[in-house]
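> Got a structure here, written out as structure tokens. Questions coming.
Quick note: the coordinates plus some simple rules give every number you see, no bench work behind them. Only a predicted model underlies this, so the values are computations on that prediction, with no experimental measurement involved. Ideal geometry is used to build each Cβ from the backbone, glycine not excepted, and the neighbour counts take in all protein chains shown.
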């Protein structure tokens, strides 16, 4: 185990300041080549399970991909043609270990300035070679039934991630853009409701306008396998397609600061809502959201 003092030495004040100013941080290496390969092998094990009979042990397992679609049609010659798996930590020990990696968890605590972080959820996002889509610009917070936005994601590369293979692109300082703040979102939603009530055209949607921007408006964050980057939940980010002949797999861990609460109204249909055991408005805790 690591003491709080030891954990705090894993990230510098300069790095914390950079994150707070820019909303992201390219951290560096947190996992060796053996550890990376173990995680790749673990993903292959889960994919093989999916290619056979699947697994309905938890509702989020089948979220984000078509279990009877692309991967089966592509055949077993493409064993990694999977776009997304949620909560790998429940199925593979190497993924559970990653969320407790002291470099990762300690940095998350420092960036959020909190004595404790819990996992909201994890996900593997895979871009198979030459056959995949892109994730346009978005920020994550409003997709989640959580509040306040004191949440950070760690993006761990399981393959070298380059511009050509679909690495993360970020918009620096966008997490501080008041046009897309929690207050602005509430005001926009209220205006939409008022327009509908009055039978008039809704106002322009700044979120839609931002999502339509080309990926070139962001700054690429290239990573080697075993390196990671962090981004704030209000930071705008996206990834282009993988146009190489190589895999581009990444493991994403989403960490909540102490005191982040369940806020059902923000995303009542989220796949994890049925697993939440606390009351609306209470701090989100429980075995399904482990301390990292």
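> Between residue 49 and residue 90, how many nm apart are label points set 7 Å from Cα along the C-beta direction?
The modelled label-to-label distance comes out at 1.0 nm.
> Okay, next question. Mark the label point 7 Å from the Cα of residue 213 along Cα→Cβ and return the residues of region 178-193 whose backbone N is within less than 14 Å of it.
Inside the label zone: 178-181.
> Determine the shape class of region 200-267: with a ≥ b ≥ c the square roots of the Cα gyration tensor eigenvalues, call it rounded for a/c under 1.5, and otherwise prolate if a/b is greater than b/c, oblate otherwise.
oblate
> While we're looking at this one, here's another question. For a quick protection proxy, order the peptides 39-47, 161-169, 185-193, 228-236 by their average other-Cβ count within 10 Å, most packed first.
By packing density, highest mean first, the sequence is 228-236, 161-169, 39-47, 185-193.
> Per residue, how big is the convex hull around the C-alpha atoms of region 11-270? Give it to me in cubic angstrom, could you?
Each residue corresponds to 139 Å³ of Cα convex hull volume.
> Measuring from label point to label point, each 7 Å out along Cα→Cβ, what is the residue 273 to residue 183 span in nm?
2.8 nm
> Highest mean first, how do 208-217, 137-146 rank when packing is the count of other Cβ atoms within 10 Å averaged over residues?
Ranking the peptides 208-217, 137-146 by packing returns 137-146, 208-217.
> Give the distance, in whole Å, between the Cα centre of region 12-48 and the Cα centre of region 112-188.
Each part's Cα centre sits 14 Å from the other's.
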